[in-house]
Amino acid sequence: MKLGMAIDLDRCIGCRTCMVVCKNHNAQPEGIWWNRVFTIGSDEHQVATGTRGAGYEMAFMPVSCQHCENASCVKVCPTGASYTADDGTVLVDYERCIGCRYCLAACPYGVRQFNWEDPAKTKGVDEDRYCYGYPLDSLDKGRLVYTRDRPQGVAEKCTFCHQYRVEGEKPACVRGCPANARIFGDLDDPTSDVSRYLDGRPTSRLREELGNDPKVLYVQAGARQKPQLVYGEGM
Amino acid sequence: MKRIPLVIGLAAVVVGAAAWVYQLIGGLAVTNMSNLFSWGFYIGCFVFLVGVAAGGMIISSSIYLFDVQRLKPFGKIASLSAFACILAAGCMVIVDLGRAQNIVQMLIHPNFSSPLVWDIVVITLYLVLTFLSVYFQLLPDCKRSGKRFFNRWIEKRTEAEIDAVSHRWSRIVAIVALPVAVLIHTVTALIFATQNGHPWWHTAMLPADFIAMAVASGGALVLLIALAAIGRAHWREHMAGLATIARIAAVALAVHFFFVAVELVLLAWTGGGESAALLQSLTGTCGILYALEIVLTAAAMALFFTKAGTSRPTLLATGSIIALAGTLIHRLMLLYPEFASSSLSFTTATGTEWLYPLSTGRYLMTGQAFASTYAYVPNIIEVAVVLLPFGILLSVLALIAERYPMVGAPASKADSPLR
């Protein structure tokens, strides 16, 4: 079993719904975003780049944990707190992490996040107030890989929503995407949703040259050739 | 007057320990680090201390390996400096941990593919070896002064027997410790050099360059401690030995500059892509720090290569301080070019490289959830916490130096093979 995800860049509308549902469902504290979407080359999201002469472009790029087969973070983790589960996902055992942040330095994709302070404090919650996020702990073979209230000083990142997968549900970003740009499933199973979607479609992976072998595949955006825009006088 | 170093050392330990407790309560949020600049001043100081520790023992071992008699008086200081520095380096890793209370997990579940685990193994081994080196070299002093140092057994032996044991075992430990000294710095370099996502680190040159800097900075610290231990009145008698250490440091710096030059030529010649980005960072955003590193290390090298620079104790001390400062900046420069900006970039439609923003993890401090660059400067808490390992280093040096004579009699000119 090799769980992976396809992200169809032609379908992505840059709405950032996946960012928000990910943040909420996984109870991420302030400043921590497991999943990000930005407009390539633009300082502002949803603002096109380019020039009048060369034409304009607005390409959206969602990036979260790539769940690498040859994961740098797993290899460098001194305690094995970061590990590859039997289903191929890369997880963090919050009870074993010592907070050395070697994984943050090692990850070529910058998806690793650190709890610099007590997450409960940054979320401004206490026992009486509502706290967003899935409330129950989620264990993988006895190891704590999801908990709403993360300990201070541990690393965290996307788990492909472990707490939902154990219930047979898909990750929140996949369910939440209004354009169905994310397709999730077992890459080893040719009949899975993701395998059938990927069949025949050109894909690319981030920083392929490093040999990390990511399990997130980007279905390439179609024609880069954009129709010529014609401006009237005075524009 | 004689107790001043010990008092300063213990005061630093108290301040550092208080700052560390404050950090344990508030989390690493009390520092200026972020998800982009995730290793800061602590790791810079850790690498610096490992280097100085390795250099100390390399100097101490070469006394036996090359039979350099004029360095013999400084054997104890070099070994003691190595021991104190590696102890401080170990403490430095611990204060950097976000969840130090889980440290026992490292012993229960060590992951042997992690260079950090290799480093902990060799650092522990080195700690034991440098302790033994100090222990055996101190035996004759303990016998003569009657001050014991975990060695009650020597009371039953004669002075001549103790001298023989001390010489024999100091030699064995020195020879065993030399490869371990090389190893601690090689493995520390491998923590970085194994990371293929970081072009500034991912080079086989890094471990070799680390060792060159280790010999230079280790030699510089031995010089400083020796000058302090000898005392102004006796500087003249030891000048030949001190000049030799300075010359060794100068040669090591020259080797370092060889590596720097080769690296810069490769970056400039390759051009484009990562090489161009790295070169731009070295001359642009990190330019001042990089220039400072080069100027300081070059000045120390030049000073130690001249006859005037190695014949005046004040200049030796000045050169050593400059070399140590340059080395510390060199260690920080390991981090700046890689962490000052996002590790992920995309090529835009117009062909320019665009940095993909990362989550800062420090929204409450910076007011920014995302950033593609991060200007890191260690804050007052980080400086205070660092006083704990450095305070331990100084206290250990002062405690031992206060009880035992640290510098042996200078070798007579006749039996020095390097004349």
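Averaging sequence separations of C-alpha pairs under 8 Å and six or more residues apart, then dividing by the length of chain A, give the relative contact order as a whole percent.
On the way: 442 pairs, mean separation 71.1, N = 235.
Averaging sequence separation for qualifying contacts and normalising by length gives 30 percent for chain A.
Chains A and B: what accessible area do they bury, summed, in square angstrom to the nearest 100, with a 1.4 Å probe? List each step's numbers first, then the result.
On the way: alone 12200 and 19440 Å², together 27190 Å².
Buried area (both sides, nearest 100 Å²): 4400 Å².
According to the square roots a ≥ b ≥ c of the eigenvalues of the Cα gyration tensor, what is the shape class of region B:1-69, taking rounded for a/c under 1.5, prolate for a/b larger than b/c otherwise, and oblate for the remainder?
Cα axes put region B:1-69 in the oblate bin.
Expressed as a whole number of Å, what is the distance separating the alpha-carbon centroids of region A:145-163 and region B:233-280?
A separation of 44 Å, based on Cα centres.
Taking the simple approach of a point 7 Å from Cα along Cα-to-Cβ for both B:Phe150 and A:Tyr132, what is their distance in nm?
For the pair B:Phe150/A:Tyr132, the computed spacing is 5.5 nm.
Run the accessible area of chain B with a 1.4 Å probe and give the carbon-and-sulfur part as a rounded percent. Don't skip to the end; give the middle numbers.
Working: 12080 of 17200 Å².
Ligands and nucleic acids excluded, carbon and sulfur reach 70 percent.
What FRET efficiency do you get for B:Lys2 and B:Asn379 if R0 is 35 Å and r is their Cβ-Cβ distance, rounded to the nearest 0.05?
Working: r = 35 Å, r/R0 = 1.00.
E between B:Lys2 and B:Asn379, to the nearest 0.05, is 0.50.
How about region B:228-331: which trypsin sites (Lys or Arg not before Pro) there lie in a loop by DSSP and see at most 16 other Cβ atoms within 10 Å? It would help to have the intermediate numbers written out before the result.
Values: sites: B:Arg232, B:Arg236, B:Arg247, B:Lys307, B:Arg331; in loops: B:Lys307.
Filter output for region B:228-331: B:Lys307.
Say we join alpha carbon atoms closer than 10 Å with springs in a Gaussian network model of chain B; which of B:Gly361, B:Gly241, B:Gly75 then has the biggest fluctuation?
Sorting by GNM fluctuation, first place goes to B:Gly361.
Given DSSP loops and a limit of at most 11 other Cβ atoms within 10 Å, what is the longest stretch of chain B that contains no such chymotrypsin sites (Phe, Trp or Tyr not before Pro)?
That gives B:151-419 as the longest site-free run.
Is the C-alpha gyration tensor of the protein assembly as shown telling us rounded, prolate or oblate? Criteria: a/c under 1.5 is rounded; beyond that, a/b larger than b/c is prolate, otherwise oblate. Please list the in-between numbers first.
Details: a/c = 2.54, a/b = 1.90, b/c = 1.33.
It comes out prolate by the Cα gyration axes.
Return the Cα extents of chain B along principal axes one, two and three, sorted largest first, each rounded to a whole Å.
Here the Cα extents, ordered largest to smallest, are 81, 47, 41 Å.
What residues does region B:324-360 have that are buried by at least 20 Å² of accessible area in the full protein assembly compared to the chain on its own, 1.4 angstrom probe?
Checking the loss per residue gives B:Ser343, B:Leu344, B:Phe346, B:Thr348, B:Ala349, B:Thr350, B:Trp354, B:Tyr356, B:Pro357, B:Leu358, B:Ser359.
Got a sec? Charge dipole of chain A, +1 on Cβ for Lys and Arg, -1 for Asp and Glu; which of A:Met58, A:Leu9, A:Val92 is way out at the positive end?
A:Met58
With an 8 Å Cα cut-off and a minimum separation of 6 or more residues, compute the relative contact order for region B:272-355 in percent.
Values: 60 pairs, mean separation 23.0, N = 84.
Relative contact order for region B:272-355 comes out at 27 percent.
If the elastic network links every pair of Cα atoms under 10 Å, which of B:Pro378, B:Pro73, B:Pro207 fluctuates the most in the Gaussian network model of chain B?
Looking only at B:Pro378, B:Pro73, B:Pro207, the biggest GNM fluctuation is shown by B:Pro378.
Scan region A:43-121 for trypsin sites (Lys or Arg not before Pro) in coil per DSSP, keeping those whose Cβ has at most 12 other Cβ atoms within 10 Å, and list them by number. Don't skip to the end; give the middle numbers.
Values: sites: A:Arg52, A:Lys75, A:Arg96, A:Arg101, A:Arg112, A:Lys121; in loops: A:Arg52, A:Arg96, A:Arg101, A:Arg112.
For trypsin sites (Lys or Arg not before Pro) across region A:43-121 that sit outside H, G, I, E and B with at most 12 neighbouring Cβ atoms in 10 Å, the list reads A:Arg52.
With a ≥ b ≥ c taken as the square roots of the eigenvalues of the C-alpha gyration tensor of region A:46-91, please select rounded if a/c is under 1.5 and otherwise prolate if a/b is larger than b/c or oblate if it is not? Spell out each step's value before the answer.
Values: a/c = 4.91, a/b = 3.73, b/c = 1.31.
Prolate, since a/c reaches 1.5 and a/b exceeds b/c.
How far is the Cα center of region B:176-213 from the Cα center of region B:75-89, in Å?
20
What relative contact order, as a whole-number percentage, does chain B give when Cα pairs under 8 Å and 6 or more residues apart are counted?
Working: 622 pairs, mean separation 134.1, N = 419.
Contact order relative to length: 32 percent.
Which trypsin sites (Lys or Arg not before Pro) in region B:1-81 pass both tests, a DSSP loop state and at most 12 other beta-carbon atoms within 10 Å?
Values: sites: B:Lys2, B:Arg3, B:Arg70, B:Lys76; in loops: B:Lys2, B:Arg3.
Listed in order of number, the matching sites are B:Lys2, B:Arg3.
Sort B:Asp119, A:Asp193, A:Asp199 by heavy-atom solvent-accessible area, probe 1.4 angstrom, most to least. Let's see the in-between values first.
Working: B:Asp119 0, A:Asp193 70, A:Asp199 125 Å².
From most exposed to least exposed: A:Asp199, A:Asp193, B:Asp119.
Round to a whole number: what % of the accessible area of region A:21-149 belongs to carbon and sulfur, probe 1.4 Å? Could the numbers behind the result be given before it?
Numbers: 2310 of 4660 Å².
That fraction is 49 percent.
Using a loss threshold of 30 Å², tell me which positions in region B:68-106 are less accessible in the complex than in their chain alone. Probe radius 1.4 Å, ligands and nucleic acids ignored.
B:Leu97, B:Gly98, B:Arg99, B:Asn102, B:Gln105, B:Met106
Would you report the distance distribution of C-alpha pairs in chain A as whole percents per 5 angstrom bin, up to the bin with the largest distance?
Values per bin, smallest distances first: 1, 6, 13, 17, 18, 16, 11, 7, 4, 3, 2, 1, 0, 0.
Among all helices in chain B defined by DSSP H, which have a length of 18 Å or more along the axis from Cα atoms plus a Kyte-Doolittle mean of at least 0.0?
Numbers: long enough: B:4-26 (33 Å, 2.02); B:41-65 (36 Å, 1.92); B:75-96 (32 Å, 1.75); B:115-145 (44 Å, 1.16); B:159-193 (49 Å, 1.23); B:205-230 (37 Å, 2.12); B:235-270 (52 Å, 1.37); B:287-305 (27 Å, 2.05); B:313-339 (39 Å, 1.14); B:380-403 (34 Å, 2.15).
Result, helices passing both filters: B:4-26, B:41-65, B:75-96, B:115-145, B:159-193, B:205-230, B:235-270, B:287-305, B:313-339, B:380-403.
Between A:Gly88, A:Gly200, A:Gly80, which gets the highest mean-square fluctuation from a Gaussian network model of chain A, Cα cutoff 10 Å?
Judging by the Gaussian network model, the answer is A:Gly200.
Assuming a viscosity of 0.692 mPa s and a temperature of 37 °C, what translational diffusion coefficient in µm² per second does Stokes-Einstein assign to region B:300-419, Rh being the Kirkwood radius over Cα pairs?
On the way: Rh = 20.0 Å.
Using the Kirkwood radius from Cα pairs, D works out to 165 µm²/s.
Skip the ligands, DNA and RNA, and give the accessible area per residue of the protein assembly as shown with a 1.4 Å probe, whole Å².
Working: 27190 Å² over 654 residues.
Normalised by residue count, the accessible surface of the protein assembly as shown is 42 Å².
Given the C-alpha centroids of region A:25-58 and region A:173-209, what is the distance between them in whole angstrom?
So the separation of the two Cα centres works out to 21 Å.
The values are calculated or read from the model by the stated rules, or taken from the named source; none is laboratory data. For clarity, every value in this text was computed on a predicted model and none was experimentally measured. Cβ sites come from the backbone with ideal geometry, for glycine too, and all protein chains shown count toward neighbours. The accessibility values were calculated without ligands, DNA or RNA, using every heavy atom of the protein model including side chains. Shrake-Rupley method; radii C 1.70, N 1.55, O 1.52, S 1.80 Å.
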